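Values in this text are rule-based calculations from the coordinates and carry no lab data. Note that this is a predicted model, so its numbers are computed, not measured. Cβ atoms come from the backbone with ideal geometry, glycine included; neighbour counts cover every protein chain shown.
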Amino acid sequence: MSNDCDECGLNDLLNSLKERVKQLESKLFESEAYQIHRLYFADKEVKNLTTDKFMGGGVILTVHSLGGKELVGPVLISDGLSDDTIQGLRKDFSRSFERRIVLKPGLVGKDKESTDK
């Protein structure tokens with residue numbers, strides 16, 4: 001005996017809605033991550049992840065690509081991040097910030113040197 005939901009297609013509709021919610025959550029996650037002010041706060045917060053502040057604890061690292069694919073993680077880094085790692089992340093935050101602010105209205109498609117004159 002088949003389920004009434006199967007006969008009327010409700011299971012297909014439910015699965016479709018679940019997939020759409022998953023897609024929208026992924027887009028929201030990426031949109032929030034792309035907000036430039038997050039780089040400022042990440043730079044301030046990452047300084048607190050040092051080994052002297054996390055001794056006996058740890059930091060869990062997970063890395064996702066755009067599109068939501070998990071590339072690394074989750075992995076526990078015991079006792080916090082090293083000073084070299086923190087400095088590397090801070091440099092990457094700064095580089096990412098600089099790349100994003102280059103794309104200002106009026107500069108798209110123009111040579112930067114010609115706009116500096």
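Assorted remarks:
- Residue-span extension gain [Val75 to Cys8] - 0.36 nm each, minus C-alpha spacing: 19.7 nm
- A simple spin-label model places pseudo-atoms 7 Å from Cα toward Cβ; at Leu61 and Ile36 they are separated by 2.8 nm.
- In nm, spacing of pseudo-spin labels at Arg99 and Ser26 (7 Å Cα→C-beta vector): 2.1 nm
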